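Below is one structure; the comments refer to it alone.
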């Protein structure tokens, strides 16, 4: 498989999204994460897609969501940063719902961090009762 990847890469089809996708998948098969990441980064840089969120994905890989045992302060810090960054990411990709989720999705991450979102927008949404009791 490694030899096939070398031959495929030698074609140098830098103007084809599928070339990067094939390289990424191939490098994943041979467990070469560094090269797989390179192919993915090049593909998303050269051929950005509305549904992909490379900056967001990279940030969450480096800053995983705190687990249930984390302190309330740690959770609040994490989700406050998510809300701040989602504003920046939304400027770059305004039509990507993955980015808008933390800002308008009912405040679920915020609720876990003890941060009150603006209002409960749907009757029966998770966290609405918590917000009403806290008010």
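Simple spin-label estimate for residue 91 and residue 50 gives 2.2 nm between the two label positions (7 Å along the Cα-to-Cβ direction from each Cα).
Each label was represented as a point 7 Å from its Cα along the Cα-to-Cβ direction; for residue 60 and residue 3 these points are 4.0 nm apart.
How high is the FRET efficiency between residue 67 and residue 42 when r is their beta carbon distance and R₀ equals 41 Å, given to the nearest 0.05? Display every interim value, and only then the final one.
Values: r = 33 Å, r/R0 = 0.81.
Computed FRET efficiency for residue 67 and residue 42: 0.80.
Approximating the spin labels as points 7 Å out from Cα along Cα→Cβ, the residue 21-to-residue 84 distance works out to 3.7 nm. If you take the square roots of the eigenvalues of the alpha-carbon gyration tensor of region 1-57 and sort them as a ≥ b ≥ c, do you get rounded (a/c under 1.5), prolate (a/b over b/c) or oblate? Oblate, since a/c reaches 1.5 and b/c is not below a/b.
Laboratory data are not the source of any read-out in this text; all were calculated from the coordinates shown. The structure presented is a predicted model; accordingly, all values stated were derived computationally and were not measured. Cβ coordinates were reconstructed from backbone atoms using ideal geometry, including for glycine residues, and neighbour counts include every protein chain displayed.
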